[in-house]
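The block underneath contains the structure these notes are about, expressed in structure tokens.
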């Protein structure tokens, strides 16, 4: 059984790379194909695998300006020769699923999101783009959409990381998808007795995360808010914020673990495809106040693991905070939240992906084949 993993680019360790890391643990002999590879920026688990890159890797400043080469990536992807593989799993939120395979090769696509800048967030990305990008974007993205839909037909089984993403796959590609959430290292977090008097945001500081809503709401209430993260909106948000809002920029994991365990609740104001941060907060025994749309609906149960708010406005968030503070301190049990978060653990996700592979590739379970991946069968 020869297995290949295809990932859009490997230049950091975010949610998509965490999924790839779990796949690497499941399939320790698998090869990896990607457009751009920066070994020092990925985990040791990924570095153990043989990594092949497309010709994008050889273009100037590819490791830092890889997104500028997006129009060339479909062509680059189709030049990769994966004809010797029996199973290909593509990890998709950029061009990854469009590889050309033999008819007998099973292609499973784990879709973190259909490319936002082509579909539902196209107009927002264009509004915030530079002058030259705004000018050329309509022409380039029109062609990329055609290719994106055509390449969806090369996938045998779609996996979505949330019901929201599954609905977008149906909308854009007219394909059904199995929902398997991304893995979260829930064992990496700890609970604490009680809490300190501050709310927490852990987020990239970019427009679509809507941290501005939270800053305005907390300016109005005067309650303490700690924001961990960095991004293009950081300076603008600092100018907007009052003295009760503290910015810590990006922090190492041990600092995140500490703040999760001490906060009163996590605030999650954006619309996300899934959203790993709420699960991390719940693994720390803390409830989540989230905008009631998108991936948050798969993780936050209103009144049980946190509160959902609508509309996506400062007033909507303030109303949710007021409702939250009207509840008793023991309304949300830290142990119950931690137990709930465990359903998103790395092992749980591995088991679900392994079962999906077995169901769609029956010969994979025949003698001599079932040792090709580890710890992933049904329990």
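Take 304-310, 98-104 and order them by the average number of nearby Cβ atoms within 10 Å per residue, most first; the result is 304-310, 98-104. The listed peptides 191-201, 342-352, ordered by packing as a protection proxy, come out as 342-352, 191-201 (highest mean of other Cβ atoms within 10 Å first). Counting only DSSP H runs of at least 4 residues, each contributing -39500 (n - 2.57), and dividing by the residue count of the chain, the helix-based mean residue ellipticity at 222 nm comes to -10500 deg cm²/dmol. Counting only DSSP beta bridges with both residues in the range 130-245, the antiparallel share comes to about 0 percent. Relative contact order, percent, of the chain when contacts are C-alpha pairs under 8 Å separated by at least 6 residues? Computed over the chain, the figure is 14 percent. Let me know the shape class of the range 1-57, please: from the alpha-carbon gyration tensor, a ≥ b ≥ c as square roots of the eigenvalues, rounded when a/c is under 1.5, otherwise prolate if a/b is greater than b/c, or oblate. Oblate.
Taking the C-alpha atoms only, the angle from helix 15-26 to the longest principal axis of the chain is near 50 degrees. In terms of its C-alpha gyration tensor, the range 229-299 has an oblate overall shape, because the principal axis ratio a/c (a ≥ b ≥ c, square roots of the eigenvalues) is not below 1.5 and a/b does not outweigh b/c. Working from Cα pairs under 8 Å separated by at least six residues, relative contact order for the range 186-343 is 25 percent. The C-alpha atoms of the chain define a longest principal axis, and helix 253-262 lies at about 40 degrees to it. Between 0 and 90 degrees, the angle of helix 346-360 with respect to the longest Cα principal axis of the chain falls at about 30 degrees. What shape does the range 197-323 have by the C-alpha gyration tensor, where a ≥ b ≥ c are the square roots of the eigenvalues, rounded means a/c under 1.5, and otherwise prolate means a/b greater than b/c and oblate the rest? Since a/c stays below 1.5, the shape of the range 197-323 is classed as rounded. Protection proxy ranking for 282-293, 65-76, 121-132, 173-184, using the average of other Cβ atoms within 10 Å per residue and placing the highest first: 282-293, 173-184, 65-76, 121-132.
Of all DSSP bridge pairs formed entirely within the chain, close to 0 percent run antiparallel.
Given R0 = 35 Å, the distance between the Cβ atoms of residue 248 and residue 167 translates into a calculated FRET efficiency of 0.50. The range 336-363 and the range 213-258 have their alpha-carbon centroids 34 Å apart.
When the chain is treated as a Gaussian network with alpha carbon springs shorter than 10 Å, the biggest mean-square fluctuation among 18, 97, 58 belongs to 58.
What whole-number distance in Å separates the alpha-carbon centres of the range 9-36 and the range 265-290? About 24 Å separates the Cα centre of the range 9-36 from the one of the range 265-290. Among 52, 136, 158, the largest mean-square fluctuation in a Gaussian network model of the chain (Cα springs under 10 Å) belongs to 136.
The numbers here are math on the coordinates, done by the rules we state, and not lab data. It should be emphasised that the depicted structure is a prediction, and the values quoted were computed from it without experimental measurement. Heads up, the Cβs are rebuilt from the backbone with ideal geometry, glycines too, and the neighbour counts pull from every protein chain shown.
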